[in-house]
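Derivation of every value follows stated rules applied to the coordinates shown; laboratory data play no part. Because the structure is a prediction, the values reported are computed rather than measured. All Cβ positions, even for glycine, are placed from backbone atoms using ideal geometry, and neighbour counts span all protein chains on display.
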Amino acid sequence: MVKGGGIHMGEKEDQKSCTESDVLDNALVMIAKLEEKGRVISWNHAAETITGYSRREVVGTNTIWKKLYPNKGYRMMVTGRIADILKTNNYFENLETTIHTRSGESRTLLWNTKIIQERGMKRAIAVGMDITAEQEATSFRDSIIENANVLIAVLDPKGTIEVWNKAAEIITGYSADEVIGRKDIWKKLYPDTTYRHSLTQKISEVISLHNSFENIETTIQTKNGEQRILSWNTQQIGNNGVYHEIAIGRDITEQRRAEEALVAYMTEMTMRLKQPVGIVSNALLESAQLVKEGILNQDEIITILKSQSRNTAQIEANIQEFQKAIVEKNRSIPEAYQKFLEG
Amino acid sequence: MPEYIEPQELEQKKIFLILASPGTIRQRNTDIIKEISGLGYHTIIITTNFPYSVLTKMYTQNEIPLDHVSFIDAVTRNSVGSAENIPGVVRFINNPANLTDMGIAVTEVLKEESGKKVCIMYDSVSTMLIYLSSENISKFIHFVTNKLRLMDVSGVFLAVEKGLDPLLMSQLTTFVDNVIDTG
């Protein structure tokens, strides 16, 4: 409605109200304008999308709230909370509720309201932000941390533990309740003062250079007094100058024990093969010398040869036993080597 | 002048671990028995590598009086199947891995030779590794050394040098009084 390049007052009003309406309608958050008794005056596009209820079904009634909160107990609880808030304020902020959509889905909304006066009438503008996806993502992240099979601890800038996951509880024996909000877990895990101090010094040196450390191995003492070897990695997280430390500890006790057992086994194998082979070799050489000197008779030569033959047969059996044992003891040996060892 | 074992240490009924290279261990056996015999001791040789009949020839060659030695032979029966014990000379056991039989044989031979100045020579720890784990060898040597101390008898354990793993070596070291590396 542009005449002569200008805009008439009526047109201005129309344009203004059209712009407000557009903004409300196209907002990415659910916006509802309500009368005092909860009757809906306006219901934007996002509200339709989130709840599944169209403007036509909602505007002019207050029945939508029963639909969104079909569980009477829950609805009463929400209503009660809103009433409580409104006793002291004429608005509320970040009230989290779960609605039931038309399709039967549950969605979490974060509500903020504002009371306005419109043509002398009191109106409430309710803005509901759908945080379902964000909440699911947070919950998923929490679940990953909680259920990771590595110890995860998050420390605030003062060193107070903020996160202590399930694996941390299992590995150390200390529950989250005993650890979160405190700083003394490290004294419990490293009760030996000398060891703790040397470790602290080592970690401080590494952190001063790199702000984090990787694969530092330490031996902790669990709540029940057991020793366990952990490989630690840390990382600083955060922003705006406030940094948290995330410490990830992988329990490598069994791996280390298996490695030690393997090394012990291989040492034993080397000893039990190298020495006997040398002994058989020398026995045969000495016997050859005795034969050459004419000292041994035929029976004695046969006895020696048979005994050394038995020795070599036993050595062969030992090799096979060792091959089998090594493969069984360490399944982490690459497949190609396992095949070789299995003969 | 004794080359390997001091007479007073034998008198004190000490127990020795004597180490030798693979090429000299047989000769060391003979040298030590010659020394011990020269000091008036009767040596009971537990042999796990050479049959007693061959050892007697070696000893004869080295002028060791055979009435100063007797044998527990773990080789002959294992190789040829049967052999009769000769009282006061040789007692056969079926298999070097049969530590029960070997333990019984040691106990009985020590009883037979009671009253004499006796020394036991175990030849060798290294050969036993063919048949037994180091853990079992260690247990057996612990048993034998305890028996020797209870019966107030000296003992010599022969082993190939640098061939025993550090754990077994440290265990054997705690069981004996002296470790002599003869090279």
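Expressed per residue, the C-alpha convex hull volume of the range A:35-155 stands at 146 Å³.
Comparing A:258, A:50, A:194 along the charge dipole axis of chain A, the residue lying farthest to the positive side is A:50, per the Cβ-charge model. The mean count of C-beta atoms from other chains within 10 Å of the C-beta of residues in A:282-295, rounded to a whole number, is 3. The mean sequence distance of close C-alpha pairs (under 8 Å, at least 6 residues apart), as a share of the length of chain A, puts its relative contact order at 9 percent.
Highest average first, the peptides B:39-48, B:8-17, A:185-194 ordered by how many other beta carbon atoms sit within 10 Å of their residues are B:39-48, B:8-17, A:185-194.
Pop the C-beta distance of residue A:281 and residue B:167 into the FRET formula with R0 = 22 Å and round what comes out to the nearest 0.05. Working from the Cβ atoms, E equals 0.30. At q = 0.16, 0.18, 0.21, 0.22 Å⁻¹ the log10 of I(q)/I(0) for the range A:148-251 amounts to -0.67, -0.87, -1.23, -1.36, computed by Debye summation with a single uniform scatterer per C-alpha, solvent ignored. Converting phi to 3J(HN,Hα) with the Karplus coefficients 6.51, -1.76 and 1.60 and the offset θ = phi - 60°, the range B:35-52 yields 4, 5, 4, x, 8, x, 9, 9, 9, 9, 9, 9, 10, 10, 10, 9, x, 4 Hz in sequence order, with x at every glycine or proline.
Between the range A:197-243 and the range B:36-103, the C-alpha centres lie 62 angstrom from each other.
The phi-based Karplus calculation (6.51 cos²θ - 1.76 cosθ + 1.60; θ = phi - 60°) puts the 3J(HN,Hα) values of the range A:79-86 at 4, x, 5, 5, 4, 4, 5, 6 Hz, whole numbers, x for Gly and Pro. Sorted on the mean count of surrounding Cβ atoms within 10 Å across their residues, most packed first, peptides A:84-97, B:101-114, A:117-130 read B:101-114, A:117-130, A:84-97. When the Cα convex hull of the range B:7-181 is projected onto planes of every orientation, the mean area is 9.0 nm².
For the range B:83-183, report the % of Cα-Cα distances exceeding 21 Å. Here the long-distance tail beyond 21 Å is 35 percent of all Cα pairs in the range B:83-183. Between residue A:252 and residue A:37, the distance separating the two model label sites (each 7 Å from Cα on the Cα→Cβ line) works out to 7.2 nm.
Remark: the protein assembly as shown projects, on average over all directions, an area of 45.3 nm² (convex hull of Cα atoms). Placing unit charges on the Cβ atoms of the charged side chains and taking the dipole of chain A about its Cα centre, the candidate lying farthest along the positive direction among A:185, A:280, A:62 is A:62. Pairs of Cα atoms nearer than 8 Å and 6+ residues apart set the relative contact order; for chain B it is 34 percent.
If R0 is taken as 56 Å, the Cβ-Cβ distance between residue A:200 and residue B:136 corresponds to a FRET efficiency of 0.80.
Run lengths n ≥ 4 of DSSP H only: what is the helix-derived mean residue ellipticity at 222 nm for chain A, with -39500 (n - 2.57) per run over all residues, to the nearest 500?
Details: 13 runs with 181 residues, N = 343.
That calculation yields -17000 deg cm²/dmol at 222 nm.
Under the simplified labelling scheme, the residue A:210-residue A:162 pair shows an inter-label distance of 2.4 nm, with each label point 7 Å from Cα along Cα→Cβ. For the protein assembly as shown, a simple Cβ point-charge model (Lys and Arg +1, Asp and Glu -1, everything else neutral) yields a dipole of about 2340 debye relative to the Cα centre.
When the charge dipole of chain A is built from unit charges on Cβ atoms (+1 for Lys and Arg, -1 for Asp and Glu) and taken about the Cα centre, the candidate among A:301, A:103, A:79 whose Cα reaches farthest toward its positive end is A:79. Going by neighbour counts of Cβ atoms within 10 Å, the residues B:152, B:181 line up, fewest first, as B:152, B:181. Amide H contacts of residue A:59: none lie under 5 Å away among residues 5 or more positions distant or on a separate chain (H built 1.01 Å from N in the peptide plane; Pro and chain starts excluded). Note on A:296-306: average number of Cβ atoms from other chains within 10 Å of each residue's Cβ is 4.
If you take the beta carbon distance between residue A:61 and residue A:105 as r and set R0 to 25 Å, what does 1/(1 + (r/R0)^6) give as a FRET efficiency, to the nearest 0.05? Computed FRET efficiency for residue A:61 and residue A:105: 0.70.
Which percentage, to the nearest 5, of the DSSP beta bridges contained in the protein assembly as shown is antiparallel?
Around 65 percent of the beta bridges assigned by DSSP in the protein assembly as shown are antiparallel ones.
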